[in-house]
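So the structure is just underneath, and the comments pick up after that.
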Amino acid sequence: MKKTAEYVSLGHPDKMADYISSYILDRFIEKDPRVKYAVEVMVKDNNVFLAGEVSGCVELEYTHKLVIKALAEIGYTQEYADRWPGLCIDPKKVHVINNITGQSSDIATGVERDGWGDQGVFVGYACKGEGYLPRELYLARKLNDALYELAKNTDFRLGLDIKTQITLNDIDGVETAIVAVPMLEDVDLTDFIIKTLGEEPENIIVNGTGRYTFHSSIADCGITGRKLACDFYSTAAPIGGGSPWTKDASKADVTLNYLARVMAIKEIHNGADEAFIYLSSCIGRADMPSATFKSCIRQRNGQEEWTAGTININRKPREIIEMLGLNKPVFAQLCREGGIGGVHD
């Protein structure tokens, strides 16, 4: 059976939106570690729209400056924009529309009792292999990361808005590698792709339309949370929860997805070949309505032995958040590393 997975760089407009929200959250946590934050971002052309709720000792009037700094960390500096005039987002032309209000007092009441700030369902997944990820996703991520670093170190001849896609054949060899990367001039990436993947794909497709110059929010509208399949596990596992890059840890979207991934990896350490963790939360409550696991051990003859059961999690939200280190400004780093899929141990 063929298997396919894709990945996108931080320069992709959807990931730009994710990163802007994560970056702002980190700066707010530095000001007030108890800040409550839920901010969605949309980017189109040179417009950045912020909408959501924030409560804490933070200064919302400086969001424009934070947006520009977030773009610079991605690589969309003024120098980059001048190299790609009219073809990408331009920091000096960025207009920020701020529609952030305070957190609902109804939600705050439950969070202050050390309950979760939202309800939701969350799935963690891990399997044997590099990065505890399916091989097609691991390779799509590896190739994308390498191209992104190359783009940042080639005098901007290559652009930052990159998508990669890997299809494996029936014996897990790379059948097709697809790359979309902006180019100011033709660059032969064949050898680079082969070296990065460690094998020669049967098919290599670079910029399928034949031309790719317009990129970032100039070419496409970006919205937070739209690349969850890339950030999580592609088609290998169901996607639970909402966007983990737009909320503080009390909302559970990042915390319980992160916890589920860590628990799934632990199952692999304990001898499983593949593991799923399913968690759920109730707004205002610390206890979880459900916490279950399903894991598989594959025998040499190809037979699979599945085990399932319940999990006893007796930690409160604040304890889980502290255990995972999510009470610190780490959200931009998690987003930059490729989301929950970047959690290795």
### Task
Kindly give the semi-axes, whole Å and largest first, of the ellipsoid equivalent to the range 1-129, taking each as the square root of 5 times a Cα gyration tensor eigenvalue.
29, 24, 12
### Task
Would you please put 69-81, 15-27, 154-166 in order of how densely packed they are, using the mean number of other Cβ atoms within 10 angstrom per residue and starting with the highest?
15-27, 154-166, 69-81
### Convex hull volume of the range 283-345 per residue (C-alpha atoms, cubic angstrom)
141 Å³
### Query
How long, wide and thick is the range 124-203, going by the Cα atoms along their three principal axes, in whole angstroms, largest first?
38, 29, 16
### Task
Could you tell me the largest-minus-smallest coordinate of the C-alpha atoms of the range 63-172 on each of the three principal axes, in descending order and whole angstroms?
51, 48, 17
### Query
If you line up the Cα atoms of the range 85-236 on their principal axes, what length do they span on each, largest first, in Å?
57, 46, 24
### Message
Please rank 304, 337, fewest neighbouring Cβ atoms within 10 Å first, as an exposure proxy.
### Response
304, 337
## Note on the structure
By the Kirkwood definition, with r running over pairs of different Cα atoms, the chain has a hydrodynamic radius in Å of 21.0 Å
### Task
Excluding residues on the same chain fewer than 8 positions from residue 69, give the lysines whose Cα lies under 25 Å from its Cα.
15, 31, 36, 44, 92, 93, 152, 163, 227, 247, 328
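Just so you know, all these numbers are worked out from the coordinates, no wet-lab data involved. No experiment lies behind these values; they were computed from the predicted model shown. Cβ: placed from backbone, ideal geometry, glycine included. Neighbour counts: every protein chain shown.
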